[in-house]
Amino acid sequence: MNVERREKLYEGKAKIVYATSRPDMVVQYFKDDATAFNALKRGTIVGKGVVNNRMSAALFTRLGRAGVPTHYLGTLSDREMLCRRLEIIKIEAIVRNVVAGSLAKRTGLEEGTPIKQPVVELYLKSDPLGDPMLNDDHVRMLGLATPAELLWLRRTALRINTVLRPFLKTRGLLLVDFKLEFGRSGRKLYLGDEISPDTCRLWDVKTREKLDKDRFRRDLGGVEEAYQEVFRRVVGTPA
Ligand code: TMP
Ligand code: ASP
């Protein structure tokens, strides 16, 4: 496809979004910059951008084949993904299969406790407010999504879990939890953003070793090595 990258539209903590010669398409550029705790902690994870771009492409392709509409249109380079331009819904949807992170804190359950029926949580996508949790009434009150959109979003989040969880298990990875973002284009909704070790918790199935951004958040060391290991297992050859 002959699509040219144009001006920068938006720079986030881990990605830059560029306009293109096509009004309905954007380029996502994946950086090595890492932040945690609403950017209180900052650092660099060498090679992360390549891992996140390639892994997201592999998982979006797999989801597309399973009938989940995603914004992924193609891979332009190691760090650049061509995407359908979306009007982003300001909700972060989190799906959880195992207790970890903020759910352990909120409930007092021990990290690693299995969850029988996956839990979906909604958060407001707002850096100044620190992404507070929302329920369906808050979503309605704030006009973030229509009831029909919210129903689709919850159902699709669970469907994505039923596709990714068994696939990642075949690669020796336990999908503990993950974050999704969605957006509108025309009258349709699509999965957007990325699916990577930045946005998922992934544990080695056998040893339960953490192979995701928690290594950075919690100063566990071996951060780059963990990203490369996930890349090797999910995408194949090393980045
Ligand atoms: P949490 O346990 O801190 O709420 O995180 C749940 C999942 O969401 C975890 O896989 C990491 C991911 N996540 C993001 O992608 N972005 C964020 O800003 C946060 C807080 C979590
Ligand atoms: N990326 C988010 C931040 O900077 C949080 C995280 O992934 O832990 O706050």
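If you check T107, T113 for being in contact with a helix residue (DSSP H, G or I) (Cβ under 9 Å, 6 or more places away or on another chain) and of a type in the set (S, T, Y), only one passes: T113.
Taken as a whole, segment 206-223 holds no residue that is over 16 Å from A34 (Cβ atoms), at pLDDT 95 or above, more than 16 Å from ligand 1 (Cβ to nearest atom) and in contact with a Leu (Cβ under 8 Å, 6 or more places away or on another chain). Whenever a residue of segment 165-178 is assigned to a strand (DSSP E or B), its partners that are surrounded by 19 or more Cβ atoms within 10 Å (Cβ to Cβ) and among the charged types (D, E, K, R), lying with C-beta atoms within less than 6 angstrom and at least six residues away or across chains, give the pairs V176/R201; D177/R96; D177/R201. Do we have G236 as touching a Gly at 6+ places or on another chain (Cβ under 7 Å) and surrounded by fewer than 20 Cβ atoms within 10 Å (Cβ to Cβ) here? Spelling it out, it is not the case that G236 is touching a Gly at 6+ places or on another chain (Cβ under 7 Å) and surrounded by fewer than 20 Cβ atoms within 10 Å (Cβ to Cβ).
Scan segment 18-56 for residues that are of a type in the set (V, I, T) and more than 16 Å from ligand 2 (Cβ to nearest atom) and the total you get is 5. Only residues that are under 13 Å from the mean Cα position of the chain (by Cα) and farther than 16 Å from I160 by Cβ were counted in segment 186-210, giving 2.
Considering only residues of segment 105-145 that are among the β-branched types (V, I, T) and in a helix (DSSP H, G or I), which is farthest from the chain's Cα centre (by Cα)? Of everything passing the filter in segment 105-145, T107 is farthest from the chain's Cα centre (by Cα). The residues in segment 211-239 that are in contact with a strand residue (DSSP E or B) (Cβ under 6 Å, 6 or more places away or on another chain) and without any contact (Cβ under 8 Å) to a residue 40 or more places away in the chain can be counted, and the count is 2.
Residue-by-condition table, conditions (1) without any contact (Cβ under 8 Å) to a residue 40 or more places away in the chain; (2) closer than 17 Å to L180 by Cβ:
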{"position": "A19", "(1), (2)": "yes, no"}
{"position": "F37", "(1), (2)": "no, no"}
{"position": "A66", "(1), (2)": "no, yes"}
{"position": "T70", "(1), (2)": "no, yes"}
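Residue pairs whose Cβ atoms lie under 9 Å apart, sitting 6 or more positions apart in sequence or on different chains, and linking a residue in segment 97-118 that is touching a residue at least 40 places away in the same chain (Cβ under 8 Å) to a partner that is part of a helix (DSSP H, G or I) and among the polar types (S, T, N, Q), are N97/N161; P118/N161; P118/T162.
Of the residues making up segment 90-122, those that are within 10 Å of ligand 1 (Cβ to nearest atom) and aliphatic (A, V, I, L, M) number 7.
Selection of segment 6-16 for residues being buried (at least 16 other Cβ atoms within 10 Å of the Cβ) and part of a strand (DSSP E or B) yields K15, I16. Just one of the listed residues (A93, A104, A100) is aliphatic (A, V, I, L, M) and surrounded by fewer than 18 Cβ atoms within 10 Å (Cβ to Cβ), namely A104. Among the residues of segment 179-191, those that are touching a residue at least 60 places away in the same chain (Cβ under 8 Å) and either more than 16 Å from ligand 2 (Cβ to nearest atom) or in contact with a helix residue (DSSP H, G or I) (Cβ under 7 Å, 6 or more places away or on another chain) (or both) comprise L180, F182, G183, R184, S185, K188, L189, Y190, L191.
The values are calculated or read from the model by the stated rules, or taken from the named source; none is laboratory data. Treat the numbers as computed from the prediction; the structure is a model and nothing was measured. Every residue, glycine among them, receives a Cβ derived from its backbone with ideal geometry; neighbour counts consider all protein chains shown.
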